[in-house]
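Each reported figure results from applying straightforward, stated rules to the coordinates on display, with no laboratory input. This is a predicted model, so every value here is computed, not measured. Neighbour counts are summed over all protein chains in view; Cβ atoms, including those assigned to glycine, are modelled from backbone coordinates with ideal geometry.
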Amino acid sequence: MADRHGERGEARQLRHNEAEGLPVSAWHSVPLDRVLEHLNTHSLAGLTEAEASSRLLRFGPNELAEAPPKTLLMRLAEQLGDFLVLILIAASVISAAVGEIVDSLVIIGIVVLNAFLGIVQESKAEKSLERLKNLSAPKATVIRDGRSRSVPASSLVPGDLVLLSAGDKVPADLRLLEAKTLKVDEAPLTGESFPVEKDAEAVLAPDASLGERSNSVFMGTAVVYGRGRGVVVRTGMKTAMGEIAEALSAAKREKTPLQRDLAGLGKALGVAFILVSAAVFVLGLLRGMAVVDIFLTSVSLAVAAIPEGLPAVVTIVLAIGVGKMVERHAIIRRLSAVETLGSTTVICSDKTGTITQNQMTAVAVLPGVWGDTVRVTGSGYEPSGEFLRSTDEGSVPVSPLGDPCLRLLLRACVLNNDASLLEGESGRWDVVGDPTEGALLVLGRKAGLDRERLLEDYPRAAEIPFDSERKRMTTIHRTPKPHRVDGAADDWIEEGYVAFVKGAPESLYGLIKWHLGPGGELLPFDENARRSVHEKGLKMAREALRVMAFAYRHLDYLPSKVTPETVESDLTFI
């Protein structure tokens, strides 16, 4: 009875979803096959480009709504809304009314200059921010027409398949189809301080809270471990982050302490001027002065007492501060922000990288323990270059697939890899994924190894994702029979499975038991072999190269539970 009630509830939910149209809210409570059916997408090939374009027109860009741009009149009203400025305007009107035209024009000129400086600075800052926003627009790795590609996150639509890996920002709300030890930092949404482990197979109750939805990931959160694949179910303002943004948009902006102080000063001066002028007017009447004369005297006194230069002086001082910040390449949107910076006593920053092209290039390879280092030419992601071995006569080109150990090393670089190498329409090559893995793909392509073709011969059966504590990553592949790939035989890889391990050298040394000899034979990885590899690795490090080590292990069968303990031992150094 409970199951039948559950099925009827699910059917009602789906009918409600269909009536309302995409996107919907209770995807975490729907089985995966029904999710894909309702979104009309394929679990492996994703959407077609034509369908994605059609849905983009229907649902709009995957962006959080922004306030409409301010018109010139709105900007002017903001600049003139200060109480002290209003007093200046009133003083200008009164001065003109009593015939003090010059004073009136001076005051109006100061008000206009003050407003002009504020509007110009805000406009310049917003243009700079817009250019910066376009440069830093987030990207997402999607599968469309069966191929992975990098697209702007704003172009995602419900039904898109998105690939996630450690370090990625989740670009939309996704219902997970696959989660390989996937952990996500959801602190921006739930306040949970520890990464949340995800389970793609879970089907939850419709009323499960945001923090309990282990089969979903949400826009704005960050993948900190593992990898996953999910289907977009909500975009833009329909996402959980969009709901928060909508609530925040209703919040009122508070004034800065300087703005509050100036407003308070303006009110205090205004009240004081009015009281003093009124007292002068009354005293004049008591002394028998003419009403017109005493009125003009009172007004002149009030106008003279108003510090019409104060707003201009404050604006100019803040503008000078903005100018100094611009010299340091900082973008200041509003003049009042300089006050905040001026009040700052401690700035805490976290620098985890450098500003570069974010491209890595593999330039040196050491095949085996006793082999010579092979230099690789070429730079960037262009898959063209030579493999050169140094001799007494100079650098000699070598055939990378002719050396058994080098051939296996290059295949390990390509197979133990989650990146994709793409050629753009302009002929420019780019990498989707981690730049280091991209460099390894390029290295393999320079030797003639194509990842897609190689995976057909060595399909991935399991994996252990990179872990910052283990400092290594393992992929397990089913081996072909006969063992012949790209015209070269790998006789030492037996039928069954092969695990390729890559990582920091120091994380692998303790796990390695064997190494490959010149002809592919297995030799003990003894102290001499370890010392040789360690010294050559140190030499590379002294040349400012980032050093990685590769090893492999033959498996007769795939372990029922793939863990570091069951796979990453008795390795053979490559």
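Which order do the peptides 56-64, 434-442, 275-283 come out in when sorted by mean C-beta neighbours inside 10 angstrom, highest first? Don't skip to the end; give the middle numbers.
On the way: 56-64: 16.2, 434-442: 21.8, 275-283: 14.0.
Highest mean packing first, the order is 434-442, 56-64, 275-283.
Between LEU422 and VAL106, what is 0.36 nm times their sequence separation minus the Cα-Cα distance? Round to one decimal in nm. Provide the component values of the computation, followed by the final result.
Details: separation 316, 0.36 × 316 = 113.76 nm, distance 6.42 nm.
Net length gain for the segment: 107.3 nm.
For the pair ILE119 and ALA461, what calculated FRET efficiency results from E = 1/(1 + (r/R0)^6), where r is the Cβ-Cβ distance and R0 = 60 Å, to the nearest 0.05?
Working from the Cβ atoms, E equals 0.40.
Residue by residue, what Karplus-based ³J(HN,Hα) values in Hz, rounded to whole numbers, does the range 447-454 have, using 6.51, -1.76 and 1.60 with θ = phi - 60° and x for Gly and Pro?
Result, rounded to whole Hz: 8, x, 9, 9, 4, 4, 5, 5.
Could you sort 153-162, 546-555, 368-377 so that the peptide with the highest average Cβ count within 10 Å comes first and the rest follow in order?
So the peptides 153-162, 546-555, 368-377, ranked by packing, come out 153-162, 546-555, 368-377.
Given H placed 1.01 Å from N in the peptide plane, which residues other than close sequence neighbours of ALA462 have an amide H under 5 Å from its amide H?
ILE476
In the range 427-574, what % of DSSP beta bridges are antiparallel (nearest 5)? Walk me through the numbers before you get to the answer.
On the way: 26 of 29 bridges.
In the range 427-574, approximately 90 percent of DSSP beta bridges are antiparallel ones.
So if we plug the beta-carbon distance of GLU452 and THR71 into 1/(1 + (r/R0)^6) with R0 = 51 Å, what FRET efficiency do we get, rounded to 0.05?
0.45
In nm, give the distance between the simple-model label positions of HIS329 and CYS348, each being 7 Å from the Cα along the Cα-to-Cβ direction.
2.6 nm
How far apart, in nm, are two points set 7 Å out from the Cα along the Cα-to-Cβ line at ARG530 and at LEU80?
8.1 nm
Could you give the length gained on full extension between ALA278 and TYR557, defined as 0.36 nm per residue of separation minus the Cα-Cα distance, in nm?
90.5 nm
Counting Lys and Arg as +1 and Asp and Glu as -1, what is the net charge of the other residues whose Cβ lies under 12 Å from the Cβ of HIS534? Don't jump to the answer; show the numbers that get you there.
Working: positive: ARG530, ARG531, LYS536, LYS539; negative: GLU506, GLU527, GLU535.
Taking every Cβ under 12 Å from that of HIS534, the sum is +1.
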